[in-house]
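The structure appears below as structure tokens.
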């Protein structure tokens, strides 16, 4: 049974295949010009769609066509080449053009997940007996469409991750003049404001810093759940599917900062 219907996978593969670099037909270092045949990229691509769709392990999805090690190696190769970052950018741009991203309402929140394999960003989890875990600081638009995330150790607080998470907005092109950022009680301090001030003042490019300073976000602090998950004032669920307004009705404003309050 296919993970996704062909009318969806075929255009997705065509777009991904266009990002793949050219590869020589034969191994250049082999004296006879022959080597073990490389598993086709389309096979690995379909396997990865199955992993995302069914949530199974690499060993469970491997078969006679390719091994679990091959899937992992090809995944790491594509990550190093930046293919998934470019594919994500294309997907967001296409969605924004066809459906429309609600960028005047942004929700940011953190979540702790397991990381049994460790990794550079993993740390001791405070909710899993000190085992390895990750803190995922995610950002969505007003309808809950993922816009970006930042990974850190599970023992990191949400507040210091707010500024690098909002940094992902720079990849989305033109932004609305007024942006409301919905946060939970974990951000109820002056740390988010200080982080945004530091990011604006220490940006790598002066032009980039001025752009942030010239477009301050009218942010609000709210204890309401993330927009798009449960009904909360100003969220799509509370407006019967209507796009949220750029002026929040239930958030209490706090002093504005160059990027977010």
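The values are calculated or read from the model by the stated rules, or taken from the named source; none is laboratory data. These numbers were taken from a predicted model, which means no experiment stands behind them. Backbone-built Cβ (ideal geometry, glycine too); neighbour counts: all protein chains shown.
Residues that are out of contact with any helix residue (DSSP H, G or I) (no Cβ under 6 Å at 6 or more places or on another chain), assigned by TED's automatic domain parsing to the domain that holds residue 118 and buried (at least 18 other Cβ atoms within 10 Å of the Cβ) are absent from the stretch 170-178 altogether.
Could you grab me the full set of residues in the stretch 97-109 that are part of a strand (DSSP E or B) and closer than 16 Å to residue 175 by Cα? Even if it seems obvious, please write down each step before you answer.
Step one: filter the stretch 97-109 for residues part of a strand (DSSP E or B), giving 105-109.
Matches in the stretch 97-109: 105, 106, 107.
Of the listed requirements (1) in a strand (DSSP E or B); (2) modelled with pLDDT under 90, residue 151 misses just one: (2). Just checking, does the stretch 95-104 include any residue being surrounded by 11 or more Cβ atoms within 10 Å (Cβ to Cβ), in contact with a strand residue (DSSP E or B) (Cβ under 7 Å, 6 or more places away or on another chain), modelled with pLDDT of 90 or more and closer than 30 Å to residue 162 by Cα? Yes, because at least one residue in the stretch 95-104 is surrounded by 11 or more Cβ atoms within 10 Å (Cβ to Cβ), in contact with a strand residue (DSSP E or B) (Cβ under 7 Å, 6 or more places away or on another chain), modelled with pLDDT of 90 or more and closer than 30 Å to residue 162 by Cα. Checked against (1) touching a residue at least 12 places away in the same chain (Cβ under 8 Å); (2) over 14 Å from the mean Cα position of the chain (by Cα); (3) under 23 Å from residue 186 (Cα atoms), residue 129 passes all but condition (1).
Tell me the residue from 112, 79, 90 that is part of a strand (DSSP E or B), closer than 27 Å to residue 162 by Cβ and either modelled with pLDDT of 90 or more or not assigned by TED's automatic domain parsing to the domain that holds residue 43 (or both), please.
Values: 79 fails: part of a strand (DSSP E or B); 90 fails: part of a strand (DSSP E or B).
Only one candidate qualifies: 112.
Evaluate the following for residue 117: is it touching a residue at least 24 places away in the same chain (Cβ under 8 Å), outside the structural domain of residue 40 (by TED's automatic domain parsing) and at negative phi?
When the stated conditions are applied, residue 117 does not pass them.
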